[in-house]
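Right, one structure below, let's go through it.
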Amino acid sequence: MSSLSPAENKARRAKNAWRAAIVSALALFRPGDWLTLLAASVFCVLSFPLAWNSAAAEKAVIRQNGRIFAELNLSRDRRINVPGPLGITAILVEKKRVRVVSDPGMHQYCVRQGWLERAGEIAICAPNEVSLQITGREETYDSLSY
Amino acid sequence: MTRSVIRLKTTPEDHRIARLAAAAIALALTDSAIPLPLPGIRLGLANSVTLVALARYGWTAAAWVTGLRVVACGLLLGHFLSPAFFMSLAGALCSLCALALSIRLSRRCFGPLTWSLFAAFAHIAGQLSLARLWLIPDNGLFYLVPLFAAAALVSGTVNGLIAARLLNEPKPACALETRNA
């Protein structure tokens, strides 16, 4: 012990203090508390897939001038062209996602929006009067407001 | 003009509750000053005081301490009767219900940690239900459940450990309790 330098001694003391703190914290658990902690952890872990997959996208609805132009099943990859007043809006389904790949509109907002993958997401190509929306099993609101 | 003095009769129990509530309010204010990444998630340090009150003086005392803390914090932080206040009230009421149930579990097997975890999860359940029913009527809210559940796990464990540690200390002496009576 005496051969240790002051710095090493300090480090060892800090390490021992940590160990003592952990040991004294563990001593506060009663047998059933472990059970509760385990149940709570399991709930936490399970809640991730349950909450984040439930509203998985199922299909995409393409509207042209307000009328439904096509309903696409997202499990089948394909490309579809939608004619509008300005030209062709091209929509691509790939790996359960969908996006607008090209649009004759000026600002390209709907193209720049990229991939849509969650129920309720929508891309609107207003100049060409085309909208692309993902719907899940149940209808969701398209905005949060109060 | 006669000077009238209004004197409230207070019992030692009132003093005890006032002291605990003061500690809870101070902790809650400290808590709200700690920045955390997600709005609405806080450590809830004041809940360890509730747990101590519950273990030492029973559920009624715990309910008083919590109620006083919620109202006083609402006034001090300026959200009294605003949505944030009702969110914290809903959380507090649900935790108190959970505590009333969990205190009935065998004390030999289940300690403050269990109570704390029950209360923490009841808290998020109450807040999420109120938010879903009233503030944000959208199922998208449930995307946040895992984050809130993880927060409840951490804060429930931390507060349970703090409360268990405090309860290991000897009970304050009676003389001290009534010192200011």
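Looking at the stretch A:57-74, can you tell me whether even one residue there is among the aromatic types (Phe, Trp, Tyr) and assigned to a strand (DSSP E or B)?
So far as the stretch A:57-74 goes, yes, one or more of its residues are among the aromatic types (Phe, Trp, Tyr) and assigned to a strand (DSSP E or B).
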request  = For residue A:104, indicate whether it is touching a residue at least 40 places away in the same chain (Cβ under 8 Å), part of a loop (DSSP other than H, G, I, E, B) and farther than 30 Å from residue B:149 by Cα.
outcome  = no
request  = Mind counting the residues in the stretch A:1-49 that are of a type in the set (A, V, I, L, M, F, W, C) and more than 15 Å from residue B:164 (Cα to Cα)?
outcome  = 18
query = When only residues in the stretch A:44-67 that are within 8 Å of another protein chain (Cβ to nearest Cβ) and buried (at least 17 other Cβ atoms within 10 Å of the Cβ) count, which is modelled with the highest pLDDT?
reply = A:44
ask   = Would the stretch B:36-49 turn up any residue that is charged (D, E, K, R) and in a helix (DSSP H, G or I)?
value = no
ask   = Quick one: is residue A:70 surrounded by fewer than 16 Cβ atoms within 10 Å (Cβ to Cβ), more than 25 Å from residue B:145 (Cα to Cα), among the small types (Gly, Ala, Ser) and at pLDDT 85 or above?
value = yes
inquiry  = Suppose we keep only residues that are of a type in the set (Val, Ile, Thr) and more than 7 Å from chain A (Cβ to nearest Cβ) within the stretch B:134-167. Which one would you say is farthest from the chain's Cα centre (by Cα)?
reply    = B:154
remark   = With criteria (1) crowded, with 20+ Cβ neighbours inside 10 Å; (2) within 13 Å of the chain's Cα centre (by Cα), residue B:93 comes up short on (1)
message = If I ask for residues that are more than 15 Å from residue A:103 (Cβ to Cβ) and charged (D, E, K, R), which ones from the stretch A:61-84 would you list?
response = A:67, A:71, A:76, A:77, A:78
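A quick yes/no check of all residues on (1) in contact with a Ser or Thr (Cβ under 9 Å, 6 or more places away or on another chain); (2) in a helix (DSSP H, G or I):
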| site | (1), (2) |
| --- | --- |
| B:75 | no, yes |
| B:79 | yes, no |
| B:97 | no, yes |
| B:116 | yes, yes |
| B:128 | no, yes |
| B:133 | no, yes |
| B:142 | yes, yes |
| B:159 | yes, yes |
| B:165 | yes, yes |
note = Looking across the stretch B:95-129 at residues that are touching a residue at least 40 places away in the same chain (Cβ under 8 Å), polar (S, T, N, Q) and away from every other protein chain (no Cβ under 11 Å), the single one that is farthest from residue B:145 (Cα to Cα) is B:95
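The values are calculated or read from the model by the stated rules, or taken from the named source; none is laboratory data. What you are looking at is a predicted structure, and each value in this text was computed from that prediction instead of being measured. A quick note on method: Cβ atoms are made from the backbone with ideal geometry, for glycine too, and the neighbour counts reach across all protein chains shown.
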